[in-house]
1. For the subset of the range 54-66 comprising residues that are surrounded by 14 or more Cβ atoms within 10 Å (Cβ to Cβ) and of a type in the set (D, E, K, R), which member is nearest to residue 110 (Cα to Cα)?
2. Restricting attention to the range 136-154, which residues are farther than 19 Å from residue 201 by Cα and among the acidic types (Asp, Glu)?
3. Considering only the range 157-171, state which residues are in a helix (DSSP H, G or I) and open to solvent by 60 Å² or more (accessible area, probe 1.4 Å).
4. Residues that are open to solvent by 70 Å² or more (accessible area, probe 1.4 Å) and assigned to a loop (DSSP other than H, G, I, E, B): does the range 24-31 have at least one?
5. I'd like to check something: does the range 161-171 contain any residue that is more than 21 Å from residue 66 (Cβ to Cβ) and within 17 Å of the chain's Cα centre (by Cα)?
6. Does residue 38 satisfy being small (Gly, Ala, Ser), open to solvent by less than 50 Å² (accessible area, probe 1.4 Å), touching a residue at least 12 places away in the same chain (Cβ under 8 Å) and under 16 Å from residue 79 (Cβ atoms)?
7. Here's a check for you: in the range 6-23, which residue that is in a loop (DSSP other than H, G, I, E, B) and of a type outside the set (Lys, Arg) is least open to solvent (accessible area, probe 1.4 Å)?
8. Looking at residue 133, is it open to solvent by 20 Å² or more (accessible area, probe 1.4 Å) and modelled with pLDDT of 90 or more?
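The values are calculated or read from the model by the stated rules, or taken from the named source; none is laboratory data. In this text the structure is predicted, and so the values were computed from the model without any measurement. Using ideal geometry, Cβ is built from the backbone for each residue, glycine included, and neighbour counts are taken over all protein chains shown. What goes into the accessible areas is simple: the full protein's heavy atoms, side chains included, and nothing from ligands, DNA or RNA. Shrake-Rupley method; radii C 1.70, N 1.55, O 1.52, S 1.80 Å.
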Amino acid sequence: MNLSREKEAVSAYLKLLQSKGATSNVLYKRSLFLDQLSIILADKALDTHEYSRAVDAIMESIPADDWHVNLNTAREFYPFWMKDIKAIAAFSLNYGFDVEAIQWKPLATSLKSLTDSLEHEKFDTSENWPLKAYSQVMRFEGADQSYVDTRIKLAKIILLRLRDAPIKNHKSYRTAADLTLPLFKIHEAKKLFLSVVREFYNFWTGNPNAASMLLKE
């Protein structure tokens, strides 16, 4: 097993975080996760699917409370492992390590409780417009009603999880998604939820190109 490629990428990533204000405790915790991830990635081709499989494999052993931090680390580390110089440069330019990051987390619950609540929950205008836009685009693409209904239910779960967030932005959205993912116990259900998370985000933020970013399945 040759880990030199991974060690080089980890070193570059951690050095950048340190330069952006990350504490020694943060660096230590991220390095522990990346050490485990590196073992799985060793000798693998520099490929998006290989990386995703490695992350999926390691997350199976991570406690649910640590999913958000570690998934975020995996997202940030990806361009370093891939040796994507342009992406790393953009990351360095725009990344400010948020040492004052809000500690908000969605309330503890179960998937059953969230699903059951959908029968009586009312969604306001700001919540309904991205739901309607998402639904309309899926139907325009030829999706059948059961496909649309399933994805809209998952999008509504994301909105429910975001309701008590003090600030609704990409950070709170990512936190809500990462801490909801462990509620899904079946691997295929997790994949479906992540698919909706990625698609719905573009409608939730009002991205004018959201329709073109729908995953083709």
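1. 66
2. 144
3. Once the filter is applied, which keeps residues that are in a helix (DSSP H, G or I) and open to solvent by 60 Å² or more (accessible area, probe 1.4 Å), the range 157-171 yields 170, 171.
4. Step one: of the range 24-31, the residues open to solvent by 70 Å² or more (accessible area, probe 1.4 Å) are 24-25, 28-29.
Filter once more, so that each one left must be assigned to a loop (DSSP other than H, G, I, E, B): none.
Scanning the range 24-31 turns up no residue that is open to solvent by 70 Å² or more (accessible area, probe 1.4 Å) and assigned to a loop (DSSP other than H, G, I, E, B).
5. Yes, that holds for at least one residue.
6. Working: small (Gly, Ala, Ser): yes; open to solvent by less than 50 Å² (accessible area, probe 1.4 Å): yes; touching a residue at least 12 places away in the same chain (Cβ under 8 Å): yes; under 16 Å from residue 79 (Cβ atoms): yes.
Yes, satisfied.
7. 22
8. So residue 133 fits the description; yes.
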